[in-house]
Amino acid sequence: MIKYWPNKQGIDLNNEVAYLFFSTRQKFSYSLVNRANDTLYIDLLDNRSRDKLFCVVLLELEILLLDITELDLSVKNLKILNYKILYDLIKKSLQHFVSQMNSVTYISLENKDSNYLQVILSEHKLLLENLLIYLVFGSSYIDYNMFIFDNINTPKKHVSILLENLIIQISDLVIFSIFERLKSLSQISYFLKNNKLCNSSYVTIRSIACFRNNLILQNLKYLYFSQPKAVYSSRYNVWLISSSGLVSKYISIFRLDDLSNLSSIQSLFVLFIEIQDIFIPYIEKLLLILSKVIIYILINVLANSIIFCIRALVSSLYRLRR
């Protein structure tokens, strides 16, 4: 039986939020190994460090919810301020996590031009806005055409997915920001080992260099290919905490506004997809017809060849008998 998220403010919503945070925190005790095909910056951390980082992000989100409630922000104001709220949440999570480290100076979100940070912040509505509306106001305040189901009948599992995705992506941005601040591979290696954060798979400078280069290529691929394709297909990639580890999946979501905000290069890729959608079916039909014709010709040639050989053999045998 599907259980639905409360659609308005009140005791029921408060209880659901409290239980959601409690049950999500319980999931941090699972194996947090990345089981998806895509790489995350937090893959460098061991399970204990990921647990600690996830707890930091969840705590900062709890504080944020209390601040929003205290300020009595409306849905309209929340939507206007969402970008800044997300940026501040990332920054506070970063500062909180770094404050627990040994011999680390202040680290800020400096590199706003980074491809990775650009991608995450460009999807701020999908990452944070809808989740905050669910947690503070209830499902009735979500745009009715945002998801494939009626906003009043929002499954609790859906809100849980949005929360887990936010925690994982902000945690990933925290480690990314530390990388950007430390710059050199030797500093990164020292930071990980000195604070006992490192996954045993990444203990050498060479392995960290390969890891970092793979992420740079992955971020470029996502920015110019995967993201525009997801926007065009009205899908959004989310990260989840499963019993076996971290996994990713796509959810269907209305993204018409994102389509108009794509860069010229991203729009060019969308155009390529449109051309592909137009011509690929015709090419497939043409290839199917050609393959049938070729098979028909081959069968006829083979059949005629066999018949000819049989006739030649029979004729030869007949002559020998005479």
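The values are calculated or read from the model by the stated rules, or taken from the named source; none is laboratory data. Everything quoted here is computed from the prediction, not taken from an experiment. Here the Cβ is made from the backbone with ideal geometry for all residues, glycine too, and neighbour counts use every protein chain on show.
General observations
- Test: residue in the stretch 112-130 that is farther than 17 Å from residue 86 by Cβ, at pLDDT 95 or above and not hydrophobic (A, V, I, L, M, F, W, C): no
- Test: residue 62 is acidic (Asp, Glu) and farther than 25 Å from residue 246 by Cα: no
- Residues (aliphatic (A, V, I, L, M) and buried (at least 16 other Cβ atoms within 10 Å of the Cβ)) located in the stretch 252-266: 253, 262
- Neighbours by Cβ (under 7 Å, 6+ apart or cross-chain): first from the stretch 85-112, more than 20 Å from residue 127 (Cβ to Cβ); second modelled with pLDDT of 70 or more and exposed (fewer than 15 other Cβ atoms within 10 Å of the Cβ): 102/194; 103/194
- Among the residues listed as 261, 304, the single one being at pLDDT below 80 and within 27 Å of residue 149 (Cα to Cα): 261
To keep it simple, each residue is scored yes or no on (1) closer than 23 Å to residue 182 by Cβ; (2) surrounded by 15 or more Cβ atoms within 10 Å (Cβ to Cβ).
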{"position": "60", "(1), (2)": "yes, yes"}
{"position": "77", "(1), (2)": "no, no"}
{"position": "82", "(1), (2)": "no, yes"}
{"position": "88", "(1), (2)": "yes, yes"}
{"position": "94", "(1), (2)": "yes, yes"}
{"position": "98", "(1), (2)": "yes, yes"}
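- So residue 171, is it small (Gly, Ala, Ser) and either farther than 14 Å from residue 53 by Cβ or free of Cβ contacts under 8 Å to residues at least 60 places away in the same chain (or both): no
- Filtered residues of the stretch 22-59 (kept if assigned to a helix (DSSP H, G or I), free of Cβ contacts under 8 Å to residues at least 60 places away in the same chain and either over 30 Å from residue 210 (Cα atoms) or of a type in the set (Ser, Thr, Tyr) (or both)): 22, 25, 26, 59
- When the test is whether a residue is surrounded by fewer than 16 Cβ atoms within 10 Å (Cβ to Cβ) and on the phi > 0 side of the Ramachandran plot, residue 67 does not pass it.
- Test for residue 117: is it over 21 Å from residue 21 (Cα atoms) and within 20 Å of the chain's Cα centre (by Cα): yes
- Meets criteria (over 30 Å from residue 258 (Cβ atoms), of a type outside the set (D, E, K, R) and loosely packed, with under 15 Cβ neighbours inside 10 Å) for residue 216: no
- Per this entry, residue 236 is not counted among residues that are assigned by TED's automatic domain parsing to the domain that holds residue 39, assigned to a strand (DSSP E or B), loosely packed, with under 14 Cβ neighbours inside 10 Å and modelled with pLDDT of 85 or more.
- Residue among 190, 232 that alone is over 28 Å from residue 130 (Cα atoms) and of a type in the set (Phe, Trp, Tyr): 190
- Screening the candidates 3, 52, 79, 27 for the property of being closer than 19 Å to residue 162 by Cα, over 21 Å from the mean Cα position of the chain (by Cα), assigned by TED's automatic domain parsing to the domain that holds residue 153 and not aliphatic (A, V, I, L, M) yields one hit, 79.
- For the stretch 11-21, a residue qualifies if it is more than 15 Å from residue 164 (Cβ to Cβ) and in contact (Cβ under 8 Å) with a residue 40 or more places away in the chain, and the qualifying residues are 13, 16.
- Residue 15 under 22 Å from the mean Cα position of the chain (by Cα) and surrounded by fewer than 12 Cβ atoms within 10 Å (Cβ to Cβ): no
- With respect to the conditions (1) closer than 24 Å to residue 18 by Cα; (2) exposed (fewer than 15 other Cβ atoms within 10 Å of the Cβ), residue 210 lacks only one, and its number is (1).
- Applying the criterion of at least 1 residues that are under 24 Å from residue 38 (Cα atoms), over 24 Å from the mean Cα position of the chain (by Cα) and assigned by TED's automatic domain parsing to the domain that holds residue 18 to the helices (runs of 4 or more DSSP H) found wholly in the stretch 127-233 leaves 156-182, 185-194, 205-221.
- Candidate set: the stretch 29-58, residues that are farther than 24 Å from residue 180 by Cα and not small (Gly, Ala, Ser); chosen: the one surrounded by the most Cβ atoms within 10 Å (Cβ to Cβ): 30
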